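Encoded as structure tokens, the structure appears first; notes follow it.
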Amino acid sequence: MAITDDAPPRADQDHSGGPPGPSAQRQENRRLTSPLVLTMVMLLMVVAQSPIRRALSAPVMQSWMTVFVAVVVQALPFLVLGVLLSAAIAVFVPASFFARALPKRPALAVPVAGVAGAVLPGCECASVPVAGALVRRGVTPAAALAFLLSAPAINPIVLTATAVAFPRDPEMVLARFAASLLVACTMGWLWQRLGRTDWLRPPSHSSYEGQGRGAAFWGSVRHDVMHAGGFLVVGAMAAATLKAVTPESWLRTAAGNPLFSVLALAILAVVLSICSEADAFVAASLTQFSLTARLAFLVVGPMIDLKLFAMQAGTFGRGFAVRFAPATFVLAVTVSVLTGAVLL
């Protein structure tokens, strides 16, 4: 039996069904491709290297480059760690595992997931892809979000760094752990109570059905590195820009007022976007501020900063990020003040 094909001719074929005609070839030749764009950019940089060199030698640009490179270099290893864990969860861990590991009731699954954040030795860049993988594997979003917030702040590496940074104030370790876990669980419960399904976009993921586990694993790694890495770069660029133009005198002025000092360091944590493994040493150096203000810096930073907001928007949707991030910021500041009044 002969097989007929009644489909209309493609755009790259002429009506006779033959090879592309001259007009189609000219359109293909005029199309921009990534190698062509890269070549054009490199040629432009070579031609304009003198103005570019003068612009980069300016103090503002040097400060910008320092912050940008520092944020990316600090975060990228932990981003890769999170991507590897995310791929391992997606490929090697059966969906039934999470149904057995977490309580059936979401109200109980939230604190269990929050405490489970202690087992991930990474920063906020690692927690975003892992939380996305948990949602894809059927974990209730409230529990996955509790894990997302707690993992960067209560894991052993971060708490050890905090103890080393504050050797004369060991209570800072307990205060950071308690405040961070309380914020994470509370945000999970709030999302379970008030969150709407249409606010959270299911994390997208490439399909690797029919492939072996090894091919599916590395395909997932490549997809998530490109996806999350792009938003990391965008967030790092924004943090570097704000850091370069913020007057240092603002910090000295804000430190003199207890309320302003807490808000100033909370906002500074958002702007600087420092990896949670390093933020304790930055907080310890801000000796003009109170311990409560520095606790706010340590609690807010791993939960909401510029790069983390960009990554959350890319993973769960902008509608989710614009609601989740401000609520997390307000709750983190409030809990930090209350915890500081009790423990510091």
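Worth a mention:
- In range of the label at residue 169: residues from the stretch 314-336 whose backbone nitrogen is under 19 Å from the point 7 Å along Cα→Cβ: 332-336
- For 119, 72, the sequence from fewest to most other C-beta atoms within 10 Å is 119, 72.
- Ranked list, fewest to most other Cβ atoms within 10 Å of each Cβ, for 267, 304: 267, 304
- Summarising the amide proton neighbourhood of residue 273: residues at separation of 5 or more, or on other chains, whose placed amide H is nearer than 5 Å comprise 306.
- With each label modelled as a point 7 angstrom along the Cα→C-beta vector, the residue 318-residue 160 pair spans 4.1 nm.
- A straight chain from residue 119 to residue 215 at 0.36 nm per residue would run longer than the Cα-Cα distance by 31.9 nm.
- The HN-Hα couplings worked out from phi for the stretch 182-196 by the Karplus form 6.51 cos²θ - 1.76 cosθ + 1.60 (θ = phi - 60°) are 5, 5, 4, 5, 5, 5, x, 5, 5, 5, 5, 7, 10, x, 10 Hz, whole numbers, x standing for Gly and Pro.
- Karplus-derived 3J(HN,Hα) values for the stretch 163-173, using 6.51 cos²θ - 1.76 cosθ + 1.60 with θ = phi - 60°, are 5, 5, 6, 10, x, 8, 10, x, 5, 5, 5 Hz; glycine and proline are entered as x.
- Amide hydrogen neighbours beyond the local backbone of residue 301, cut-off 5 Å, H modeled: none
- Computed packing ranks the peptides 270-281, 57-68, 74-85, 323-334 as 270-281, 74-85, 323-334, 57-68, most packed first, by mean other Cβ atoms within 10 Å.
- Here each label is just a point 7 Å from Cα along the line to Cβ, and for residue 330 and residue 58 those points are 3.8 nm apart.
All of the numbers you see were taken from the coordinates with simple rules; none came from a lab. Computed from a predicted structure; not experimentally measured. Reconstructed Cβ throughout: ideal geometry from the backbone, glycine too, with neighbour counts over all protein chains shown.
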